[in-house]
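Values in this text are rule-based calculations from the coordinates and carry no lab data. Computed from a predicted structure; not experimentally measured. FYI the Cβ positions are ideal-geometry reconstructions off the backbone, even for glycines, and counts take in every protein chain you see.
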Amino acid sequence: MDQSPKDEAVRWREILNRKYGVSLALVCLGIWLHAADSLLVATMVPAIVADIGGAELISWTVALYGIGSIVAGASSGLLAVQYGLRGPMSLAALLFAFGCAVSALAPEMWVVLVGRLFQGLGGGGLMALAFVSVSALFPRRLTARVMGAIATLWGTSAFIGPLVGGLFVEYGTWQGGFWFFAIQAVLMAIWVLVTLRKSKKPDVAERIRFPFWRLLWLSLGVFFIAYGGIEVSILQTSLFVLLGIGALTVFLFLDGRKDQSRLLPPAPLNLMRPLSAALVLVLSFSITTVAITVYGPYLITIIHQQPPIVGGYVMACMSIGWAFVAFLISGVPERHDGKMIIIGMLMVTASLPGYAYSLPYGPVWLIAIFAALQGGGFGAAWTFILRRAITLAPRSEHERVSAAIPTLQRLGYAIGAAYVGILANAAGISDAADSSSLTLVAGLLPLACLPAAAIGLVATVQFVRARAPE
């Protein structure tokens, strides 16, 4: 009996060849610029503050980058539908390069922040368009292998990014780190223009209007939520979170009224729809990772008296676990997609009680194991979430769905950061907090993420039980 394409395992030589190798390298370069840049900047911030000041604005180096990346990610699918990959991807690379140049030339911290916003716009666009490229440049049966390569590069960036930043600070200047990435982005823009010059633009019957007002509401929503997580107090944070949720509700309402220019699939948070369940899955489980990402290194440093780099690399185990598992199972046949998604999300859920014990009580290597477990869960599922979502979506929705998944992921990070910020503040975290308060916070935050994980598991079941069209 002949095997169907769904039953055949895909080998690496089917993608690492002249036909697909250049496209894979191009996609991976975009992922590298986005993934490594944030880690690079995190290691350069002390040197930046020592040189030009602005310690009170450090948190905004992350917040503004996140806002820019969400806006770019939300609009990238629409731009790809309208103009194809060549124009939007080269523009994203140039925006990223411009942002790096602005930050490198900054005389004050607020100028660095302007650069970070443009880096977010470019980096978020590159990441979202990389996901769109997977469905546009490669046949569906190679999707898992491509996603495995992307996940591997992402995990590698978790180590290389801080190393590059540390080398520039130690042996050069922090400005050199920004110029290093600006040059790479310019070269990528040129590469995209040359490599994709023969690609055809989509056949769109009428021009789609750019969704300025919807993106403004989305930006405001994310801005308020991010600000609520930065300036932490119960009353103020709650107010900003409510304002953020209100703005995002307006965005969803306005977006739902559109047809061709929609940024997200119809009814994106409706669990009764399989594609919407996939987005709820991504949103919910992204929220579960934030408590450890935001507070893990700090708590490891204070409670377990470890140098900051130890906390950073313990959290990097999450990326390494993601990359290793994704690479290991990327050739799994499509008929096992649902099973792999369920296993992955159960791994993520299981890591939460593990964190609740190991983060306050140690040892540090046990925290690293649960970080790797959580990352491995995402690695086991993420590739197949995208492939299954594309399988379930109508052909006209492929680009939109591909861009919506990373957008909902980043939105989950923003909402989760505000949520755990409220809880951490209520539990007594502060510069003067004693060890008992910090121990309480370390145990509370992972457990507080379990409700989001429960919603995510319900969405997972709804997503995987749907039948793909024949």
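Quick notes on this one:
- Neighbour-count ranking [beta-carbon atoms within 10 angstrom, fewest first] of VAL169, VAL146: VAL169, VAL146
- Whole-Hz couplings from phi, Karplus 6.51/-1.76/1.60, listed for the stretch 374-386; x for Gly and Pro: 5, x, x, x, 5, x, 6, 10, 4, 4, 7, 4, 5
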